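Peer 1: Let me give you the structure first, and then I'll get to my questions.
Just so it is clear, none of the values below were taken in a lab; they were calculated from the coordinates. Predicted model, so just to flag it, every value in this text is computed and none were measured. Please note: Cβ atoms are built from the backbone with ideal geometry, for glycine as well, and neighbour counts cover all protein chains shown.
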Amino acid sequence: MINIQDMRDTARDLLAKNEVRAVIGYRRGSSGMNAEPVVITDAAQADELVWDPTCFHNLALYLVEDRKFLAHTRAKPGLPIAIVAKGCDARAIVVLMQEHYFKREEVYIIGMSCEGTGVLDERKLASQGIQASNAAFDGDDYVFTTAQGEKRIAAREVMADRCLECRIPYPREHNVVLGEDKTGRVLAEPFAALKRFEERDAAERWIYWERQFDRCIRCFACRSVCPMCFCDECVVDSISFPVTAQTTAEEKANRVRWIERSAVRSENITYHMTRAMHLAGRCVDCNECERVCPVNIPLRLLNNKMEREAREQFGYEPGASIGAPALVASFLDNDPEKFIR
Amino acid sequence: MSEQQAEVTTDYEPRIVAFLCKWCSSAGSDLAGVSRIQYPSNATPITVPCSGSVSPMYILSALKKGADGVLVSGCHIGDCHYIEGNYLARRKIHLVKELLGFVGVEQDRFRMSWVSAAEGAKYSQVIKDFVEDLRPLGPQTKLKADRS
């Protein structure tokens with residue numbers, strides 16, 4: 001059981017002793033019960049930090065933003081930046097370091113073990129008919145503050161699927177860690193939704209995905225929220241194509257456009273499949289893309305498929321170690337090749 | 001191909017986009033040509049520096065532009081001009097194939113083969129087999145962009 005005050009004290013100490021330049025964490029949101037990401041730079045703000053079941057956000061995203069900002073301003077910060085990280089967030093940070101996005105000493109990881117629980121799934125809570133103004137961890141339960149008073153629910157009833165299936169609910173890579181290591185706990189079988197889905201035949205699967213991809217409005221929320229989608233120029237944007245007064249219509253027409261931005265099925269499916277490919281061996285299953293999707297496209301299925309393929313065929317775990325090579329930049333002699341003629 | 005099948009699908013000729021490695025498969029297809037080996041003309045060869053350089057984008061893009069099948073062909077394992085390019089291709093292409101199958105695209109629309117520069121006969125066989133497997137599937141419409 002994590003004492004929130006310990007996290008605040010850690011953050012306060014780090015800032016007061018000038019060991020880090022900022023702490024990325026969670027604070028109470030301005031509306032409803034959900035927490036929101038916050039960057040604090042002053043030790044006095046440390047009491048704003050919270051840790052509760054609504055800390056869904058993968059804060060590794062803000063390390064990427066910070067990095068981009070530093071590169072843009074050409075600042076040399078000197079001090080590391082601290083980040084509050086769950087098990088999945090810490091794995092995302094490891095993946096980023098594997099790819100040399102930043103160095104280990106540039107980040108100070110305040111690890112938070114999820115212990116026997118994980119984060120809340122708002123949809124599951126809503127289906128239980130609970131409207132809460134506050135949520136808190138209590139052992140293996142969540143305690144919600146509602147208009148009718150306190151309500152205690154076993155965490156596994158309203159927990160996000162990805163947390164139920166999580167194998168390592170503990171940030172292995174950390175500078176300081178709060179809470180116990182409960183690696184090895186089994187709340188649900190991993191890839192359950194994927195297994196159920198794969199029982200359908202190819203035609204049914206296509207009908208399903210056709211409907212999902214038709215609904216995509218190309219808001220790119222999935223891309224914006226993903227810490228792994230850090231490319232300066234995404235393949236769908238082609239912002240580096242300079243259009244000047246001299247650019248001819250032919251040049252504009254003939255430039256390489258792998259994917260159009262228009263929200264039609266063929267472009268949507270290419271976009272989502274490209275994204276799944278780019279996340280293969282990198283996705284840490286934080287499921288932020290699916291959570292932020294305004295039309296509820298089950299993106300976790302696609303990412304899970306790639307994750308399981310990497311695990312079962314290539315023995316690859318994303319975010320396992322900083323020194324490990326990337327999935328598609330390495331190989332084994334016994335990689336599957338039955339499909340090759 | 002039997003005459004029976006030909007009658008059913010007379011007006012449909014599958015279009016294949018074949019990404020051939022410059023060092024092996026492309027030379028293999030040349031050998032098939034200079035050896036006067038007969039094989040269907042359905043494949044449009046695109047020479048790439050290495051099978052490892054084939055991005056999943058190429059494959060998706062080909063299907064989006066209306067290819068009925070996509071072939072990626074490179075050197076045999078251990079023969080890569082760049083030492084390990086085909087090992088990387090093998091892993092990457094496996095993922096693409098699984099992903100395409102997962103969303104419900106027919107597995108037979110996508111194929112990979114190892115063809116060395118000396119295997120003109122094998123290249124012609126690969127294309128023959130591919131065309132025959134593609135015929136019963138009909139035109140690929142799932143990923144094709146609607147340009148109407």
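Peer 1: If you take the Cα Rg of the protein assembly as shown and divide it by 2.2 N^0.38 Å, with N the number of residues, what do you get?
Peer 2: Working: Rg = 25.6 Å, N = 489, 2.2 N^0.38 = 23.1 Å.
Normalised by 2.2 N^0.38 Å, the Cα Rg of the protein assembly as shown equals 1.11.
Peer 1: Can you list residues from other chains, or at least 5 along the same chain, whose modelled amide H is less than 5 Å from the amide H of A:Tyr26?
Peer 2: HN-HN under 5 Å from A:Tyr26: A:Val38, A:Val50.
Peer 1: Between helix A:202-215 and chain A, what is the angle of the helix's C-alpha long axis to the longest principal axis, kept within 0 to 90° and rounded to the nearest 10?
Peer 2: Approximately 70 degrees, to the nearest ten.
Peer 1: Using Cα springs under 10 Å in a Gaussian network model of chain A, which residue among A:Asp42, A:Asp237, A:Asp89 shows the largest mean-square fluctuation?
Peer 2: Highest fluctuation among the options: A:Asp237.
Peer 1: Counting helices only, and only those DSSP H runs with n ≥ 4, report the 222 nm mean residue ellipticity of chain B as the sum of -39,500 (n - 2.57) divided by its residues, in deg cm²/dmol to the nearest 500. Display every interim value, and only then the final one.
Peer 2: Details: 5 runs with 58 residues, N = 148.
Value at 222 nm, helices only, nearest 500: -12000 deg cm²/dmol.
Peer 1: Related question: When a/c reaches 1.5 or more, the comparison of a/b and b/c decides; with that in mind, is segment A:26-101 rounded, prolate or oblate per its Cα gyration tensor?
Peer 2: On the way: a/c = 2.19, a/b = 1.40, b/c = 1.56.
It is oblate, given that a/c is not under 1.5 and a/b is not larger than b/c.
Peer 1: Explain nothing, just compute: Karplus ³J(HN,Hα) = 6.51 cos²θ - 1.76 cosθ + 1.60, θ = phi - 60°, for every residue of segment A:112-118 in order, whole Hz, x for Gly and Pro.
Peer 2: Whole-Hz 3J(HN,Hα) from phi for segment A:112-118: 10, 6, 7, 6, x, 10, x.
Peer 1: Calculate for chain A the 222 nm mean residue ellipticity that helices alone would give, adding -39,500 (n - 2.57) per DSSP H run of length 4 or more and normalising by residue count, nearest 500 deg cm²/dmol. All intermediate terms of the calculation are to be shown ahead of the outcome.
Peer 2: Values: 13 runs with 121 residues, N = 341.
Taken over chain A, the calculation gives -10000 deg cm²/dmol.
Peer 1: Would you kindly derive the ³J(HN,Hα) couplings of segment A:221-235 from the backbone phi angles with the Karplus curve 6.51 cos²θ - 1.76 cosθ + 1.60 (θ = phi - 60°), listing them in order in whole Hz, with x for Gly and Pro?
Peer 2: Karplus-based 3J(HN,Hα) across segment A:221-235 equals 4, 4, 6, 5, 8, 8, x, 7, 8, 9, 4, 5, 10, 6, 5 Hz.
Peer 1: Give the dimensionless ratio obtained when the Cα radius of gyration of chain B is divided by 2.2 N^0.38 Å.
Peer 2: Details: Rg = 15.1 Å, N = 148, 2.2 N^0.38 = 14.7 Å.
The value comes to 1.03.
Peer 1: Taking springs between alpha-carbon atoms closer than 10 angstrom, which of A:Arg28, A:Arg196, A:Arg167 fluctuates most in the Gaussian network model of chain A?
Peer 2: A:Arg196
Peer 1: Out of A:Gly25, A:Phe102, A:Ile2, whose Cα points farthest toward the positive end of the dipole of segment A:1-188 (charges: +1 Lys, Arg; -1 Asp, Glu; placed on Cβ)?
Peer 2: A:Phe102
Peer 1: How far is the Cα center of segment A:56-100 from the Cα center of segment B:28-72, in Å?
Peer 2: Distance between centres, Cα-based: 41 Å.
Peer 1: Right, another one. Roughly what % of Cα-Cα distances in segment A:218-341 sit above 19 Å, to the whole percent?
Peer 2: Working: 4447 of 7626 pairs.
Tail of P(r) above 19 Å: 58 percent of Cα pairs.
Peer 1: Moving on. Please find, in a Gaussian network model of chain B (springs between Cα atoms separated by less than 10 Å), the residue of B:Leu95, B:Leu71, B:Leu63 whose mean-square fluctuation is greatest.
Peer 2: In the Gaussian network model the winner is B:Leu95.
Peer 1: Hey, which of these cross-link pairs are over 19 Å Cα-Cα: A:Lys338/B:Lys144; A:Lys182/A:Lys305; B:Lys64/B:Lys142; A:Lys86/A:Lys305? Walk me through the numbers on the way to the answer.
Peer 2: On the way: A:Lys338/B:Lys144 28 Å; A:Lys182/A:Lys305 25 Å; B:Lys64/B:Lys142 9 Å; A:Lys86/A:Lys305 23 Å.
A:Lys338/B:Lys144; A:Lys182/A:Lys305; A:Lys86/A:Lys305, as the Cα separations exceed 19 Å there.
Peer 1: Let me ask you something else. Roughly how big is chain B's charge dipole about its Cα centre, with Cβ charges of +1 (Lys, Arg) and -1 (Asp, Glu), in debye to the nearest 20? Could you put the intermediate results ahead of the total?
Peer 2: Details: 17 positive and 16 negative charges, 110 e Å.
Dipole about the Cα centre, nearest 20: 520 debye.
Peer 1: Could you go through segment B:95-109 in sequence order and give the Karplus-derived ³J(HN,Hα) for each residue, using 6.51 cos²θ - 1.76 cosθ + 1.60 with θ = phi - 60°, rounded to whole Hz, and x for Gly and Pro?
Peer 2: Once θ is set to phi - 60°, the couplings for segment B:95-109 become 5, 4, 4, 5, 5, 4, x, 5, 7, x, 7, 4, 4, 6, 7 Hz.
Peer 1: Then there's this: With +1 on each Lys and Arg Cβ and -1 on each Asp and Glu Cβ, how big is the dipole of chain A about its Cα centre, in debye rounded to the nearest 20?
Peer 2: Values: 46 positive and 52 negative charges, 133 e Å.
Roughly 640 debye for chain A.
Peer 1: Report the normalised scattering of segment A:201-252 as log10 I(q)/I(0) at q = 0.18 Å⁻¹, calculated by the Debye formula with identical scatterers on the alpha carbons.
Peer 2: -0.82
Peer 1: On to the next question. Restricting to bridges with both residues inside chain A, how much of the DSSP beta-bridge set is antiparallel, in percent to the nearest 5?
Peer 2: Details: 20 of 30 bridges.
Roughly 65 percent of the beta bridges in chain A run antiparallel, per DSSP.
Peer 1: May I ask for the angle, rounded to the nearest 10°, between helix A:265-279 and the longest principal axis of chain A, with both axes built from Cα atoms and the value confined to 0 to 90°?
Peer 2: 60
Peer 1: Same structure, new question: What's the angle, to the nearest 10 degrees (0 to 90), between helix A:4-16's Cα axis and the longest principal axis of chain A?
Peer 2: That helix lies at roughly 80 degrees to the long axis.
Peer 1: Could you tell me how far the Cα centroid of segment A:3-38 sits from the Cα centroid of segment B:79-148, in Å?
Peer 2: 51
Peer 1: Report the calculated FRET efficiency for A:Thr73 and A:Arg196 (r = Cβ-Cβ distance, R0 = 51 Å), to the nearest 0.05.
Peer 2: Details: r = 48 Å, r/R0 = 0.94.
Efficiency for this residue pair is about 0.60.
Peer 1: What shape does segment A:1-188 have by the C-alpha gyration tensor, where a ≥ b ≥ c are the square roots of the eigenvalues, rounded means a/c under 1.5, and otherwise prolate means a/b greater than b/c and oblate the rest?
Peer 2: Numbers: a/c = 1.97, a/b = 1.58, b/c = 1.25.
Because a/c hits 1.5 or more and a/b exceeds b/c, segment A:1-188 counts as prolate.
Peer 1: Loop only per DSSP, at most 16 neighbouring Cβ atoms within 10 Å: give me the GluC sites (Glu not before Pro) in segment A:291-341, ordered by residue number. Numbers along the way, then the final one.
Peer 2: Working: sites: A:Glu307, A:Glu309, A:Glu312, A:Glu337; in loops: A:Glu337.
Here the GluC sites (Glu not before Pro) that fit, given the DSSP loop and packing criteria, are A:Glu337.
Peer 1: On to the next question. Quick one: dipole size for segment A:237-341, taken about the Cα centre, charges +1 on Lys/Arg Cβ and -1 on Asp/Glu Cβ, in debye to the nearest 20.
Peer 2: Details: 14 positive and 15 negative charges, 58 e Å.
Once rounded to the nearest 20, the dipole reads 280 debye.
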